[in-house]
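Q: Structure in structure tokens, see below.
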Amino acid sequence: MIFILYENSDYIKRVIIFFNLLKILSIMKIATIIIRVLIGLLLLFASISFFFKLAPEPEVTGNFKAFNMGLVASTYLLPLAKSVELLCGIAFITGRFVTLANVLILPITINILFINYFMAPEGLPLAALLFLANLFLIYRYWDNYKTVFTP
């Protein structure tokens, strides 16, 4: 029996490929959990610190100051965005409704990225990581979105 396995090296190669694939898939599952929880913690921290005023308001200047004043003057937009961040953060940490949370938080992460790109470049690395992590989670949960795009 062992002689037959060594003789059929194609079988051995397939088994090795299969186990390597399992190893990669388990690493991707772990990476997905880590990224999902980190995004959830970041969103929870941002929303809770906004609602309970845990962190001091950062000093802003120029166009970003005018933009921030407009957000505050609207009285509903910033609390709405922070409420969505809170709900999505809870969803990411618990691992429930992650597909829905990805869709809800994507426009907010795009806005965070653009605001940091155009008005506050010092926050761009964190904004880019948040956006890329959101895209990674959408990629990992892509099977759940297929029904949305099929006629």
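Q: Using only DSSP helix segments of four residues or longer, with each worth -39500 (n - 2.57), what per-residue ellipticity at 222 nm results for the chain after dividing by its residue count and rounding to 500?
A: For the chain, the value works out to -28000 deg cm²/dmol.
Q: How many nm separate the modelled label positions at residue 124 and residue 48, each set 7 Å beyond the Cα in the direction of the Cβ?
A: Between residue 124 and residue 48, the simple spin-label model gives 3.2 nm.
Q: Near residue 16, within a Cβ-to-Cβ distance under 13 Å, what is the net charge of the other residues, with Lys and Arg +1 and Asp and Glu -1?
A: +2
Q: Between residue 138 and residue 21, with labels modelled 7 Å along Cα→Cβ, what's the label distance in nm to one decimal, could you check?
A: So the label points at residue 138 and residue 21 sit 2.7 nm apart.
Q: Is the range 75-148 best put as rounded, prolate or oblate by its Cα gyration tensor, with a ≥ b ≥ c the root eigenvalues, rounded for a/c under 1.5, and otherwise prolate when a/b is larger than b/c, oblate when not?
A: In terms of gyration-tensor shape, oblate.
Q: Note down the accessible area of residue 119, probe 1.4 Å, to the nearest 10 Å².
A: 70 Å²
Q: In terms of the Cα gyration tensor, with a ≥ b ≥ c the square roots of its eigenvalues, is the chain rounded because a/c is under 1.5, prolate because a/b exceeds b/c, or oblate?
A: Because a/c hits 1.5 or more and a/b exceeds b/c, the chain counts as prolate.
Q: Right, something else. If a/c stays under 1.5 just call it rounded; otherwise compare a/b with b/c (prolate if a/b is bigger, oblate if not). Do that for the range 39-118, with a ≥ b ≥ c from the square roots of the Cα gyration tensor eigenvalues. Can you show the working numbers first?
A: Details: a/c = 2.11, a/b = 1.64, b/c = 1.28.
Because a/c hits 1.5 or more and a/b exceeds b/c, the range 39-118 counts as prolate.
Q: Show 18, 50 ordered by accessible area, largest first, where the area counts protein heavy atoms only and the probe is 1.4 Å.
A: Per-residue accessible area, sorted high to low, gives 18, 50.
Q: Distance between Cα centroids, the range 90-106 to the range 116-140: provide it in whole Å.
A: 17 Å
Q: Further, regarding this structure: Report, ordered by chain and residue number, the lysines lying within cross-link reach of residue 53, taken as a straight Cα distance under 20 Å and ignoring same-chain residues fewer than 8 apart.
A: List returned: 65, 82.
The values are calculated or read from the model by the stated rules, or taken from the named source; none is laboratory data. Predicted, not measured: the structure shown is a model, and the values here were computed from it. No Cβ is skipped: glycine too gets one built from the backbone with ideal geometry, and neighbour counts run over all protein chains shown. Ligands, DNA and RNA are excluded from the accessible area calculation, which covers all protein heavy atoms including side chains. Shrake-Rupley method; radii C 1.70, N 1.55, O 1.52, S 1.80 Å.
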